[in-house]
1. Any residue at all in the range 91-108 that's touching a Gly at 6+ places or on another chain (Cβ under 8 Å) and either within 30 Å of residue 42 (Cα to Cα) or in contact (Cβ under 8 Å) with a residue 12 or more places away in the chain (or both)?
2. Please give the number of the condition residue 145 fails out of (1) without any contact (Cβ under 8 Å) to a residue 24 or more places away in the chain; (2) surrounded by 10 or more Cβ atoms within 10 Å (Cβ to Cβ); (3) closer than 25 Å to residue 42 by Cα.
3. Any residue in the range 70-81 that is under 25 Å from residue 29 (Cβ atoms), within 26 Å of the chain's Cα centre (by Cα) and in contact (Cβ under 8 Å) with a residue 40 or more places away in the chain?
4. Let me confirm something: among 88, 126, 44, which residue is among the charged types (D, E, K, R) and surrounded by 15 or more Cβ atoms within 10 Å (Cβ to Cβ)?
5. Just checking: which of the helices (runs of 4 or more DSSP H) contained wholly in the range 67-153 hold 2 or more residues that are assigned by TED's automatic domain parsing to the domain that holds residue 28 and hydroxyl-bearing (Ser, Thr, Tyr)?
Amino acid sequence: MKAFRTLAVALAAIACMAAASDPSERLPDAAQEARARDLFKEVRCLVCQNESIDDSEAALAHDLRLLVRDQVKQGRSDAEIRAFLTERYGEFVLLKPPFSAGNAVLWLTPLGVLLIGGGLMVALLRRRRTAQAEPEVLSADEEARLERLLKGE
């Protein structure tokens with residue numbers, strides 16, 4: 001059991017070393033590096049598309065990490081860095097793009113689909129309720145025909 005734990009710890013350490021960034025790329029100021037790492041989690045890898053640049057191993061993600069670190073080193077604010085990336089790559093580069101007129105359709109479509117579906121369901125239930133509440137009356141000819149069918153004629 002002890003050998004298994006030792007092996008598991010060794011494999012975890014190797015995995016952490018493989019995932020760690022190159023120390024020469026890190027910013028010398030720990031606060032700036034922490035800011036850059038937080039920004040990495042907000043920026044989408046344009047190759048992987050469902051990962052942040054912090055999680056991605058793609059070469060473009062590496063370049064974007066270097067770009068963000070450079071921007072942080074120059075003293076730009078987080079908002080300025082996001083604006084720079086958005087201007088350069090479009091709103092798609094942000095994992096959580098802000099609500100704007102340009103992407104309002106994307107944000108509001110799910111709500112619209114729910115409202116339309118709910119309205120259709122209410123209309124269907126009302127129609128079904130009124131159809132069940134009103135018994136259908138047979139005409140005199142229909143009643144006579146029904147009587148003949150029931151008697152077996």
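1. yes
2. (3) is the only condition that residue 145 fails.
3. Yes: one or more hits.
4. One residue alone meets the criteria, 44.
5. Where helices (runs of 4 or more DSSP H) fall fully within the range 67-153 and carry at least 2 residues being assigned by TED's automatic domain parsing to the domain that holds residue 28 and hydroxyl-bearing (Ser, Thr, Tyr), they are 78-89.
The values are calculated or read from the model by the stated rules, or taken from the named source; none is laboratory data. Computed from a prediction, not measured in an experiment: that's the story for all the values here. Virtual Cβ from ideal backbone geometry, glycine too; neighbours counted across all protein chains shown.
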